[in-house]
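Everything below concerns the one structure shown next.
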Amino acid sequence: MVKNVDISLDFLGVHFENPFVLSSSPVGNCYEMCAKCLDEGWGGVVFKTIGFFIANEVSPRFDNLRKEGTSFVGFRNLEQIAEHPLEENLRAIKRLKENYPNKVIIASIMGQNEKEWEDLARLVTEAKADMIECNFSCPQMTSHAMGSDVGVNPELVKKYCQAVRRGSKLPILSKMTPNQASMIPSSLASIEGGADGIAAINTVKSIINIDVDSFVPVPSVAGKSPVSGYSGKAVKPIALRFIHEIHSCPELKDVPISGIGGIENWQDAVEFFLLGAGVLQVTTAIMQYGYRIIEDLTDGLRHYLARHNFSSLKEIIGLATKNVVPAEDLDRTFVIFPKFVSEKCVHCGRCVVSCFDGGHQALTFTEERKVVLDKKRCVGCFLCANVCPVNAIEKGEKVLKKDLGR
Amino acid sequence: MKEYLKEKEGLTPLLAQEEAARCLLCLDAPCSKACPAQTDPAKFIRSIRFLNYDGAIDVIRINNPLGGICARVCPTEKYCQKGCIRAGLDRPIDIGALQRFITDYEESSSYKALEPAKEKKDRVAIIGSGPAGLTAANFLARNGYQVTIFEKHKKAGGYLTYGIPSYRLPNEVVEKEIKHTLDLGVKIVYEQEFGKDISLDSLFVEGFKAIILATGYDSPRMIPAFLNNPYVETAVDFLSRVKNCDGKVALPDNILVIGGGDVAMDVATTAKVLGVKEVTCVVREDKEHLPASKKEFSEALEENVSVITGFNVKEVHENKVTFVGSNENITLNYQADKIVLAIGQKPSELPLNIEFDKDNLPVKNYQTEIKGLFACGDITDGDKTVVSAIKKGKEAAIEVMKFLEEKQNG
């Protein structure tokens with residue numbers, strides 16, 4: 001039992017009882033949904049993006065990428081922002097705050113012009129939201145005056161952040177799109193415009209499956225489909241890269257980041273913290289498994305902190321940042337040879353196949369199905385260990401290249 | 001609870017994907033070296049893994065015309081799954097189930113792995129439409145030979161149709177599998193018994209250039225003490241009687257099965273499935289050397305068949321049998337309403353001037369001492385299993401083709 005590990009977090013001046021909140025998406029679409037998730041233990045919600053624009057959605061609207069027996073490797077959705085009337089959403093936000101005063105209610109907003117952004121900021125402030133998140137990043141809006149088309153234009157981002165700042169004194173998060181080479185220009189523009197923190201990442205523009213018999217991408221809406229947002233486990237590496245980019249940027253290093261992208265378990269979460277994120281947002285894993293995943297997120301995080309003797313979450317934020325370095329800064333003087341643990345090896349030969357076809361032809365397979373390493377050929381790439389189904393290949397001897405005559 | 005006419009459900013696409021994903025995709029995979037019929041599971045499982053189901057059909061069907069049958073009845077634990085490396089982690093890949101998934105998929109698709117040959121070569125007669133005869137016919141037909149199978153029963157398939165219980169192998173599966181061979185142009189004529197309706201001479205005169213005998217082990221073995229006993233039925237007779245009327249037979253409350261092979265397990269499980277209260281199998285071998293496959297044995301146990309190992313028949317008096325234990329000290333008296341003898345089969349007498357050697361017809365490269373007369377299946381040396389019959393049918397077809405080509409050229 002690890003009852004006494006504190007996983008609360010102060011973020012943009014707001015206290016979160018735990019760092020996990022719903023991201024602005026189908027999982028937080030109405031009062032009942034948000035109330036249920038808060039009852040189950042989530043630290044807060046980012047209510048599904050609201051605006052004067054009311055979305056008219058399609059059917060069907062979701063698809064997932066599978067690999068072998070595994071579903072939801074990645075997830076694609078076509079939903080835009082809230083489908084309920086603005087007044088109803090504002091009432092829901094107000095009621096949530098009234099009934100859950102200790103939870104954090106974040107209002108995600110999206111306007112079509114400066115006036116709408118400012119008005120929305122004012123309206124959600126009046127509804128007693130704790131924080132505002134500006135959605136500059138939805139990649140499947142039916143209007144190009146909204147969503148990720150705005151988010152890749154730093155001037156617009158700055159202008160709209162200024163509008164939001166005029167409409168509210170609440171802390172402002174600016175939610176960024178990964179559909180750009182670098183997030184720095186739009187993140188800097190956000191802060192210059194008055195945002196207090198960055199939320200990243202929104203979904204990645206994608207086409208994940210095409211029906212090869214009808215030639216229509218999935219989901220097919222009357223035989224057609226757009227490019228739309230990709231999320232879930234598969235985007236975690238992309239999200240982590242952007243989190244790192246922002247946190248390691250000198251002008252942005254002190255800007256709080258809300259991490260989003262493929263978080264399913266405490267380990268994913270810790271990775272985001274280690275690269276500099278604070279409050280974390282989740283959708284896809286909830287769509288697949290439900291709000292109950294919060295139990296293992298919070299509990300797993302407590303156990304992790306206890307195992308490492310950390311007394312607060314704050315201590316681990318950014319711990320890995322310094323270990324991400326440019327490729328040119330790596331030590332290239334040595335080779336580590338793989339060590340084959342014979343008690344674990346099941347003699348399948350997968351390492352041999354991959355070493356030849358994807359590596360350096362350093363492994364051979366004997367008649368007795370034993371793996372033999374030729375150190376003259378081995379470059380220590382560890383593709384063998386990556387494909388081993390039983391983790392029977394460990395790091396062995398480390399040798400300087402000069403001693404090997406390389 | 002098993003139903004006699006209902007085989008268990010096959011894998012769904014999801015479960016098949018999951019099972020294929022368990023496969024380690026070994027280099028030089030042991031499973032692919034273990035099949036008597038040379039099935040290459042490593043290759044078709046890889047095809048399933050990479051969603052190439054038509055390719056998986058090719059791998060199975062081109063090599064084995066009865067792939068859907070083998071998927072259901074082969075004792076895989078003794079062959080492909082025995083070498084499965086995944087077993088070192090938890091349990092072997094269920095290769096039979098994956099093979100069934102693909103052959104079931106094949107039935108629902110329009111894809112055909114085999115096409116009729118364009119050319120027309122010599123005529124070949126095959127006597128017997130069991131697995132060996134069907135396989136030989138399939139390989140000959142796809143190579144252009146005109147094949148006629150002579151079958152003594154009303155239906156084709158031999159033991160597949162008349163022996164293996166419906167819950168393991170429904171007749172519609174056998175019929176569909178045979179159709180693959182018929183679609184290649186093979187003809188079957190029914191109720192033609194060798195030595196009665198047809199003879200070697202009549203077939204040669206009719207224009208067949210080669211004849212393959214694949215009459216199988218169609219005669220039950222007997223223990224002399226049980227001869228002319230009204231309580232006794234042989235396993236082959238019992239199974240075919242039950243299968244012929246779709247399990248609608250009246251059976252007594254208590255059946256004693258003597259024997260411990262797959263056929264004995266089939267009899268015992270069938271009896272249980274059909275509602276017989278007490279079914280006891282008494283087996284000569286001890287448990288470690290039980291001839292039945294693990295799968296069949298455990299299915300029998302699941303149906304609450306009592307299996308007693310290590311006892312030999314000592315005396316028989318009507319429906320009372322006395323067994324003696326292998327250490328000679330213990331005797332077991334059993335009184336049954338019915339006794340089924342499942343101690344193996346042997347070939348029937350053939351109207352030929354060739355002597356069987358220990359129940360095997362002497363052949364050299366599947367050719368008998370009579371020129372143009374070949375033999376395969378159970379009546380030739382080797383294992384008496386479906387998969388072994390398929391192997392022999394395939395090899396015999398190749399020998400027949402060599403023989404006919406040489407004849408043509410020389």
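Here are some notes:
- Which listed residue, of B:Leu27, B:Leu14, is at the interface with chain A (Cβ under 10 Å from one of its Cβ atoms), touching a strand residue (DSSP E or B) at 6+ places or on another chain (Cβ under 7 Å) and not hydroxyl-bearing (Ser, Thr, Tyr): B:Leu27
- Set A:Lys322, A:Lys376, A:Lys339: member being under 34 Å from the mean Cα position of the chain (by Cα), of a type in the set (Lys, Arg) and at pLDDT 95 or above: A:Lys322
- Residue in the range A:73-92 that is farthest from the other protein chains (Cβ to nearest Cβ), counting only those that are crowded, with 19+ Cβ neighbours inside 10 Å and in contact with a helix residue (DSSP H, G or I) (Cβ under 8 Å, 6 or more places away or on another chain): A:Leu90
- Residue within the range A:57-70 that is at pLDDT 95 or above, under 19 Å from A:Asp130 (Cα atoms) and either away from chain B (no Cβ under 14 Å) or buried (at least 19 other Cβ atoms within 10 Å of the Cβ) (or both) present: no
- Residue within the range B:150-169 that is more than 26 Å from B:Val73 (Cβ to Cβ) and free of Cβ contacts under 8 Å to residues at least 60 places away in the same chain present: no
- Screening B:Gly216 against (1) touching a strand residue (DSSP E or B) at 6+ places or on another chain (Cβ under 7 Å); (2) assigned to a loop (DSSP other than H, G, I, E, B); (3) open to solvent by less than 50 Å² (accessible area, probe 1.4 Å) leaves a single unmet condition, (1).
- Set side by side, the residues A:Val150, A:Val124 differ, and just one is closer than 30 Å to A:Pro219 by Cβ, in a helix (DSSP H, G or I) and away from chain B (no Cβ under 14 Å), which is A:Val150.
- If you go through the range B:1-36 and keep only what is among the polar types (S, T, N, Q) and buried (at least 18 other Cβ atoms within 10 Å of the Cβ), you end up with B:Gln17, B:Ser32.
- A:Asp268, sole failed condition from (1) free of Cβ contacts under 8 Å to residues at least 24 places away in the same chain; (2) among the charged types (D, E, K, R); (3) touching a Lys or Arg at 6+ places or on another chain (Cβ under 8 Å): (1)
- Looking across the range A:335-348, the residues that are farther than 11 Å from A:Cys388 by Cβ and open to solvent by less than 50 Å² (accessible area, probe 1.4 Å) come down to A:Val335, A:Ile336, A:Phe337.
- In the range A:191-232, of all residues being touching a helix residue (DSSP H, G or I) at 6+ places or on another chain (Cβ under 7 Å) and over 28 Å from A:Ala269 (Cβ atoms), the one that is surrounded by the fewest Cβ atoms within 10 Å (Cβ to Cβ) corresponds to A:Glu192.
- Residue that is part of a helix (DSSP H, G or I) and either open to solvent by 40 Å² or more (accessible area, probe 1.4 Å) or under 21 Å from A:Leu404 (Cα atoms) (or both), where the choices are A:Cys351, A:Cys355, A:Cys381: A:Cys355
- Scanning the range B:353-369 for residues that are in a loop (DSSP other than H, G, I, E, B) and more than 22 Å from B:Leu134 (Cα to Cα) returns B:Asn353, B:Ile354, B:Glu355, B:Phe356, B:Lys358, B:Glu369.
- Residues of the range B:44-77 that are within 14 Å of chain A (Cβ to nearest Cβ) and open to solvent by 30 Å² or more (accessible area, probe 1.4 Å): B:Arg46, B:Arg49, B:Phe50, B:Leu51, B:Asn52, B:Tyr53, B:Asp54.
- The range A:14-56: number of residues that are of a type in the set (D, E, K, R) and either modelled with pLDDT under 95 or within 20 Å of A:Gly262 (Cα to Cα) (or both): 1
- Of the helices (runs of 4 or more DSSP H) contained entirely in the range B:105-185, those carrying at least 3 residues that are open to solvent by 10 Å² or more (accessible area, probe 1.4 Å) and over 23 Å from B:Lys346 (Cα atoms) fall at B:171-182.
- The number of residues in the range A:358-372 that are within 11 Å of another protein chain (Cβ to nearest Cβ) and outside any strand (DSSP E or B) comes to 3.
- Taken as a whole, the structure leaves B:Arg86 outside the set of residues that are outside any loop (DSSP other than H, G, I, E, B), at pLDDT 95 or above, open to solvent by 10 Å² or more (accessible area, probe 1.4 Å) and more than 14 Å from chain A (Cβ to nearest Cβ).
- Options A:Leu188, A:Leu173; residue that is open to solvent by less than 10 Å² (accessible area, probe 1.4 Å), touching a residue at least 60 places away in the same chain (Cβ under 8 Å) and within 22 Å of the chain's Cα centre (by Cα): A:Leu173
Residues are listed down the side, and each one gets a yes or a no for (1) surrounded by 17 or more Cβ atoms within 10 Å (Cβ to Cβ); (2) at pLDDT below 95; (3) not in a helix (DSSP H, G or I):
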{"site": "A:Lys94", "(1), (2), (3)": "yes, no, no"}
{"site": "A:Pro101", "(1), (2), (3)": "no, no, yes"}
{"site": "A:Ile106", "(1), (2), (3)": "yes, no, yes"}
{"site": "A:Glu116", "(1), (2), (3)": "yes, no, no"}
{"site": "A:Ala129", "(1), (2), (3)": "yes, no, yes"}
{"site": "A:Ala163", "(1), (2), (3)": "yes, no, no"}
{"site": "A:Lys169", "(1), (2), (3)": "no, no, yes"}
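The values are calculated or read from the model by the stated rules, or taken from the named source; none is laboratory data. As the structure is a computational prediction, the values presented were derived from the model and not from experiment. Neighbour counts run over all protein chains shown; Cβ positions are idealised from the backbone, glycine included. Surface accessibility is based on the protein's heavy atoms, side chains included, excluding ligands, DNA and RNA. Shrake-Rupley method; radii C 1.70, N 1.55, O 1.52, S 1.80 Å.
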